[in-house]
Amino acid sequence: MAFAGATTGPNNLPATVVCADVPARYAYLTTRIAGLHAVRHLEASPMIRRIKGPGPLPAPPRGVLRRTS
């Protein structure tokens, strides 16, 4: 489990799971998650590619030196 969070609404627990391949993902969802008695509904979608990510570090304000380790 790479990430889990709580929200309100019909889908109240989003999670990110990193699996080795599609069969591993299927096994995880149909055994570990499906075995939880509190889980009544499950929706899963694969992340094909990441569109947005961290950008470059913004430049410091004028006159402020950036620390380098």
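The values are calculated or read from the model by the stated rules, or taken from the named source; none is laboratory data. Since the model is a prediction, treat every value here as computed from it, not as a measurement. All Cβ positions, even for glycine, are placed from backbone atoms using ideal geometry, and neighbour counts span all protein chains on display. The accessibility values were calculated without ligands, DNA or RNA, using every heavy atom of the protein model including side chains. Shrake-Rupley method; radii C 1.70, N 1.55, O 1.52, S 1.80 Å.
Across region 1-18, the number of residues qualifying as open to solvent by less than 90 Å² (accessible area, probe 1.4 Å) and either under 12 Å from the mean Cα position of the chain (by Cα) or hydroxyl-bearing (Ser, Thr, Tyr) (or both) comes to 8. Residues that are out of contact with any Asp or Glu (no Cβ under 8 Å at 6 or more places or on another chain), of a type in the set (Lys, Arg) and within 17 Å of Ala4 (Cα to Cα) occur in region 17-35; there is at least one. Scanning region 19-35 for residues that are in a loop (DSSP other than H, G, I, E, B) and open to solvent by 70 Å² or more (accessible area, probe 1.4 Å) yields a count of 2. Candidates Val17, Val22: the one that is without any contact (Cβ under 8 Å) to a residue 40 or more places away in the chain and in contact with a helix residue (DSSP H, G or I) (Cβ under 7 Å, 6 or more places away or on another chain) is Val17.
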